[in-house]
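Engineer: First the structure, which I've put down as structure tokens, then a few questions once you've had a look.
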Amino acid sequence: MKDNPSSGRPTMTDLDHERHPARHWHVLPDGRIQCDVCPRFCKLHDGQRGLCFVRARDGDRLVLTTYGRSSGFCIDPIEKKPLAHFLPGTPVLSFGTAGCNLTCKFCQNWDISKARAFDRLMDRADPEAIAEAALRTGCRSVAYTYNDPVIFLEYAVDVARACRARGIKNVAVTAGYVCAEARNELFELMDAANVDLKAFTEGFYHRLCTASLEPVKETLVWLKHETGVWLELTTLLIPDENDGDAEIEDLSRWVKEALGPDVPLHFTAFHPDWKMLDKAPTSKTTLQRARAIARRQGLRYVYTGNIRDPEGQSTRCHGCGTLLIGRDWHEITSWTLDAAGRCRACGEACAGVFEPRPGDWGSRRQPVTIQRHRGATARSASSASAASAGATATG
Ligand code: SF4
């Protein structure tokens, strides 16, 4: 199939070597196929792609065109996802593919999420090789990130299953814009998630992401109350778009009431990117103001990100104020939790998934070539399972 310039939708090309059968779709009475993965419900004629660009109709079926192909692999600190209460200090093998189901004008990863030339997807990586690479490089988890795993669900699920078999945990970094059946399948295999709560108005989601807020709120409530996935939230604060006191207050109040005070909230700094180059970067003062507002609303763990702010990035006991986990950027500088994840000073539990000691990965970023691990045996899988068995979940 070739691109059809007369059609409104992009079409499949000869570059789509991978045509992996996709799930979550049905045929409409008019013969089009509707994708049911996300609330966009793209309705496709033969050869057309969905808005995410990677799910496409191929004859009488829907396919995923990025299965087994990645934009690259890197070992990051888990704090970079950001996750502050999930195995702090440990390395996470991070990867993404191409495309996205949101159209955020401020996208901070646009070179990947907006990629339409699949030659960006240099790394061919089957699920077993990724899980084996994570194991061999000492990663405690694999993160589905850089672009949203919702759109490469079939690939993410197979990688996650291979990781589970080796005792490696799974982390989704997502906008949470996903339908119920697809999210059941994806999150059943996830251990932690950082979900973007991009703003707290429908206007923002409509105007800047051509999406809507309600399905995201629904996903968050479901994740918190219906699953065992450890949940943290990120709000990228954009000057004059979502950084007003009233909106931050509304967002924080909703998080406390709907999700509870223990869900960590990260306010991160925007940098001019993609189609939003006319805005200034978010100031440290704005991030600290947002953090203060959220704490006043009763949230226990509120962080600043993408700036240097040791106090705003450290964890304090909500009972007595003791510094529990000191951080400087992504580096852990102090640790005052006991083996059960409680404050050593007052005994109050800190919500999260902790081990007796933090990891010592620090702030390094290390690129990984997956091909080296292709065909490796799962010989060390059992030792990794044993290593991960000591994690304690609290809260
Ligand atoms: S996942 Fe992609 S193809 Fe499916 S509905 Fe969403 S944007 Fe459309």
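Engineer: Go through R32, R69 for me and flag whichever is basic (K, R), modelled with pLDDT under 95 and over 24 Å from V216 (Cβ atoms).
Structural biologist: Answer to the selection: R69.
Engineer: So, one more: Given V150, V216, V171, V159, which one is crowded, with 22+ Cβ neighbours inside 10 Å, in contact with a Pro (Cβ under 6 Å, 6 or more places away or on another chain) and not in a loop (DSSP other than H, G, I, E, B)?
Structural biologist: Every option except V159 fails the conditions.
Engineer: Examine the range 132-142 for a residue that is surrounded by fewer than 19 Cβ atoms within 10 Å (Cβ to Cβ) and not in a helix (DSSP H, G or I), and state whether such a residue exists. Outline the logic, then answer.
Structural biologist: Narrowing the range 132-142 to residues surrounded by fewer than 19 Cβ atoms within 10 Å (Cβ to Cβ): 136-138.
Filter again for not in a helix (DSSP H, G or I), leaving 137-138.
Yes, that holds for at least one residue.
Engineer: Among the residues of the range 39-73, which ones are of a type in the set (G, A, S) and within 14 Å of the ligand (Cβ to nearest atom)?
Structural biologist: G47, G50, A56
Engineer: If you don't mind, there's one more thing I want to ask. Six or more apart or on different chains, Cβ under 7 Å: which pairs go from a residue in the range 86-105 that's free of Cβ contacts under 8 Å to residues at least 12 places away in the same chain to one that's more than 15 Å from the ligand (Cβ to nearest atom)? Could you list them?
Structural biologist: Between residues of the range 86-105 that are free of Cβ contacts under 8 Å to residues at least 12 places away in the same chain and residues that are more than 15 Å from the ligand (Cβ to nearest atom), there is no close pair.
Engineer: Considering only the range 19-54, state which residues are in a strand (DSSP E or B), of a type in the set (V, I, T) and under 25 Å from A175 (Cβ atoms).
Structural biologist: The answer is I33, and nothing else.
Engineer: Just to be sure before I move on: is T201 surrounded by 21 or more Cβ atoms within 10 Å (Cβ to Cβ) and either among the hydrophobic types (A, V, I, L, M, F, W, C) or not assigned by TED's automatic domain parsing to the domain that holds L51 (or both) in the structure I sent?
Structural biologist: Against the criterion (surrounded by 21 or more Cβ atoms within 10 Å (Cβ to Cβ) and either among the hydrophobic types (A, V, I, L, M, F, W, C) or not assigned by TED's automatic domain parsing to the domain that holds L51 (or both)), T201 does not qualify.
Engineer: Separate question: In the range 145-189, how many are among the acidic types (D, E) and more than 18 Å from R55 (Cα to Cα)?
Structural biologist: 1
Engineer: Another question about this same structure. What is the one condition in (1) in contact with a helix residue (DSSP H, G or I) (Cβ under 8 Å, 6 or more places away or on another chain); (2) not in a loop (DSSP other than H, G, I, E, B) that A246 does not satisfy?
Structural biologist: Failed condition: (1).
Engineer: Do we find a residue being at pLDDT 95 or above and more than 15 Å from the ligand (Cβ to nearest atom) anywhere in the range 9-27? Even if it seems obvious, please write down each step before you answer.
Structural biologist: At the first step, the residues of the range 9-27 found to be at pLDDT 95 or above are 20-27.
Add one more test, that the residue is more than 15 Å from the ligand (Cβ to nearest atom), and what stays is none.
No: zero hits.
The rows are residues; the columns are (1) modelled with pLDDT of 95 or more; (2) within 18 Å of K81 (Cβ to Cβ); (3) not hydrophobic (A, V, I, L, M, F, W, C).
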{"residue": "H266", "(1), (2), (3)": "yes, yes, yes"}
{"residue": "L277", "(1), (2), (3)": "no, no, no"}
{"residue": "A290", "(1), (2), (3)": "yes, no, no"}
{"residue": "R300", "(1), (2), (3)": "yes, no, yes"}
{"residue": "T315", "(1), (2), (3)": "yes, yes, yes"}
{"residue": "G326", "(1), (2), (3)": "yes, no, yes"}
{"residue": "C343", "(1), (2), (3)": "yes, no, no"}
{"residue": "A349", "(1), (2), (3)": "yes, no, no"}
{"residue": "S363", "(1), (2), (3)": "no, yes, yes"}
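Engineer: Step by step: first the residues of the range 174-184, then only those that are surrounded by fewer than 20 Cβ atoms within 10 Å (Cβ to Cβ) and not small (G, A, S), then the one that is nearest to the ligand (Cβ to nearest atom). Which residue is that?
Structural biologist: C179
Engineer: Hey, V221 hits all of (1) surrounded by 18 or more Cβ atoms within 10 Å (Cβ to Cβ); (2) away from the ligand (no atom under 16 Å from the Cβ) but one; which does it fall short on?
Structural biologist: (1)
The values are calculated or read from the model by the stated rules, or taken from the named source; none is laboratory data. Just so we're clear, the structure is a prediction, and the values are computed from it rather than from any experiment. Methodologically, a virtual Cβ is constructed for each residue, glycine included, from the backbone with ideal geometry; neighbour enumeration extends over all protein chains shown.
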